[in-house]
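FYI, it's all coordinate maths here, none of it is from the lab. Keep in mind the model is a prediction, meaning the values are calculated, not measured. Quick reminder, even Gly has a Cβ in these numbers, built from the backbone with ideal geometry, and neighbours come from all protein chains shown.
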Amino acid sequence: NILIPNLLESVAPVTSEETDLYRSITFDLNEYRRTIGGNKLRHNEDKIQLLMHRWRYPSLSIHGIEGAYSGSGLKTVIPGKVIGKFSIRTVPNQQTNEVNEMVI
């Protein structure tokens with residue numbers, strides 16, 4: 001779950017036609033589980049919900065973190081500044097400028 005307030009408000013509601021389209025997709029949950037090396041899938045192993053959350057809803061990808069200690073061994077120092085690089089995939093009905101304002 002992306003914990004940015006109001007991020008999902010502008011996402012278009014799911015229609016029954018859309019649900020039927022997802023239902024008609026041939027997708028083997030067991031094969032997918034084996035491929036990713038998991039024991040349990042999210043969304044209660046519901047094919048439609050799993051696919052919608054992968055393809056239909058916004059997603060957040062972290063591309064890098066700068067400023068945190070990255071050497072070997074443990075450090076207990078909290079850095080004064082950390083910069084994260086990420087992107088959010090927007091979906092129909094979302095406006096990029098509105099998503100930017102929610103994040104910045």
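Can you give the relative contact order of the chain as a percent, counting alpha carbon pairs under 8 Å and 6+ residues apart? Display every interim value, and only then the final one.
Working: 77 pairs, mean separation 34.8, N = 104.
This gives 34 percent for the chain.
Determine the sum of side-chain charges near VAL11: Lys and Arg each +1, Asp and Glu each -1, restricted to other residues whose C-beta is under 14 angstrom from that of VAL11.
Working: positive: ARG56, ARG89; negative: GLU9, GLU18, GLU98.
Around VAL11, the charge tally is -1.
Take the chain, mark every one of the chymotrypsin sites (Phe, Trp or Tyr not before Pro) that falls in a DSSP loop and has at most 16 other Cβ within 10 Å, then report the longest stretch left between them, sites excluded. Working shown, then result.
Values: sites that count: PHE27, TYR69.
Of all site-free stretches, the longest is 28-68.
So how many Å³ per residue does the convex hull of the Cα atoms of the chain work out to?
158 Å³
What is the set of long-range amide H partners of SER59 at a cut-off below 5 Å, with H atoms built 1.01 Å from backbone N?
Under 5 Å from the amide H of SER59: ARG89.
Hey, what do the phi angles of the range 76-93 turn into as Karplus ³J(HN,Hα) couplings, whole Hz, using 6.51/-1.76/1.60 and θ = phi - 60°, x for Gly and Pro?
10, 8, 8, x, x, 8, 9, 10, x, 10, 8, 9, 10, 6, 8, 10, x, 5
Using DSSP to call loops (not H, G, I, E or B), can you name the GluC sites (Glu not before Pro) in the range 1-36 whose Cβ has at most 12 other Cβ atoms within 10 angstrom?
Counting only loop positions with at most 12 other Cβ atoms within 10 Å, the GluC sites (Glu not before Pro) in the range 1-36 are GLU9.
Past the 13 angstrom mark, what percentage of all C-alpha to C-alpha distances in the range 54-104 do you count?
Distances greater than 13 Å cover 69 percent of the Cα pairs.
Can you list the lysines whose alpha carbon is less than 25 Å from that of LYS75, not counting same-chain residues fewer than 8 positions off?
LYS85
Can you give the charge dipole size of the chain about its Cα centre, rounded to the nearest 20 debye, using +1 on the beta carbon of Lys and Arg and -1 on the beta carbon of Asp and Glu?
Approximately 540 debye in magnitude.
Before anything else, pin down the relative contact order of the range 58-104: Cα pairs under 8 Å, at least 6 apart, normalised by residue count, whole percent. Please list the in-between numbers first.
On the way: 41 pairs, mean separation 21.5, N = 47.
46 percent.
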